[in-house]
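Notes follow once the structure below has been shown.
Taken together, the values in this text are just the output of simple stated rules run on the coordinates, not laboratory data. This one's a predicted model, so the numbers in the text were calculated from it and none came from an experiment. Counting neighbours? That spans all protein chains shown, and the Cβs are built from the backbone with ideal geometry, glycine included.
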Amino acid sequence: MNKNIAALVSGLLFGLGLAVSQMVNPAKVIGFLDVAGRWDPSLAFVMVSAIGVAFVFFRIILKSPAPKFDPLFKVPDIKAIDRNLIVGSGIFGMGWGLVGFCPGPAISSLAYGRIEPVIFLAAMFIGFYVERVWRLRAGYG
C-alpha cells in the first residue's frame with residue numbers, strides 16, 4: 001500500500017468514526033458543550049476512547065525507526081504556550097461552540113448533502129486566507 005492509499009484509508013476510517021460517533025452532528029456537539037443547560041456527556045466517551053487508542057498506538061508506532069511511508073516521523077517540537085496558541089484556541093472553541101462544527105467533522109458531514117458544512121468550510125478557508133494576509137503584512141510570514 002503506498003503513501004496516498006494509506007492516507008485515503010486513514011481519512012475514510014477517521015470520517016467513518018466521526019459519523020458513527022455523531023461528532024458530525026452539530027446538535028450533538030452543542031449538547032455536549034452546553035454544560036450549564038441540557039448537557040449530553042456522550043461525546044466525552046468518544047474523546048476518551050480516541051485518546052486511549054492514540055496513547056497506546058503512538059507508543060507502539062514511535063518505537064519504529066521511521067514511519068512506513070516516510071523517511072522520518074514528523075512530531076511537533078514546539079512546546080511553548082504562547083499568545084498565538086491561546087488566541088487561536090479561543091477562536092477555535094468559540095467557533096465550535098457557536099455552530100457545532102470543527103474542521104474534520106465539517107468535512108465528513110459534507111456527505112450528508114447539507115449546506116451548513118459548506119458555509120462553515122467556506123468561512124474557515126476565508127479565515128485561513130485573512131490570517132495569512134495579516135501575518136505577511138505584519139512581517140511574520
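Here MET47, MET124 are placed in order of increasing Cβ neighbour count within 10 Å, fewest first, which gives MET47, MET124.
For the chain, the mean residue ellipticity at 222 nm estimated from helices alone is -21500 deg cm²/dmol, where every DSSP H run of n ≥ 4 contributes -39500 (n - 2.57) and the total is divided by all residues, rounded to the nearest 500. Highest-first packing order for the peptide set 92-103, 34-45, 68-79 is 92-103, 34-45, 68-79, based on the mean count of other beta carbon atoms within 10 Å.
By other beta-carbon atoms within 10 Å, ranking VAL46, VAL130 with the fewest at the front produces VAL130, VAL46.
Label the stretch 9-61 by shape, choosing from rounded, prolate and oblate, from the square roots a ≥ b ≥ c of the eigenvalues of the Cα gyration tensor; if a/c is under 1.5 it is rounded, and otherwise prolate applies when a/b is larger than b/c, oblate when it is not.
oblate
The phi-based Karplus calculation (6.51 cos²θ - 1.76 cosθ + 1.60; θ = phi - 60°) puts the 3J(HN,Hα) values of the stretch 103-111 at x, x, x, 5, 5, 4, 6, 4, 5 Hz, whole numbers, x for Gly and Pro.
Express in nm, to one decimal, how much length is gained between ARG135 and VAL35 on full extension, taking 0.36 nm for each residue of separation and deducting their alpha carbon distance. Present the calculation step by step, with values, prior to reporting the outcome.
On the way: separation 100, 0.36 × 100 = 36.00 nm, distance 3.53 nm.
Value of the extension gain: 32.5 nm.
The stretch between LEU12 and ALA66 holds 17.1 nm of extra length on full extension. This uses 0.36 nm per residue minus the Cα-Cα distance.
Return the Rg/Rh value of the stretch 3-138, two decimal places, where both radii are evaluated on C-alpha atoms and Rh is the Kirkwood radius.
On the way: Rg = 17.4 Å, Rh = 17.5 Å.
Ratio of gyration radius to Kirkwood radius: 0.99.
Only helices reaching 30 angstrom along their own axis (Cα) with mean Kyte-Doolittle hydropathy no lower than -0.5 count here, and for the DSSP H runs of the chain these are 115-138.
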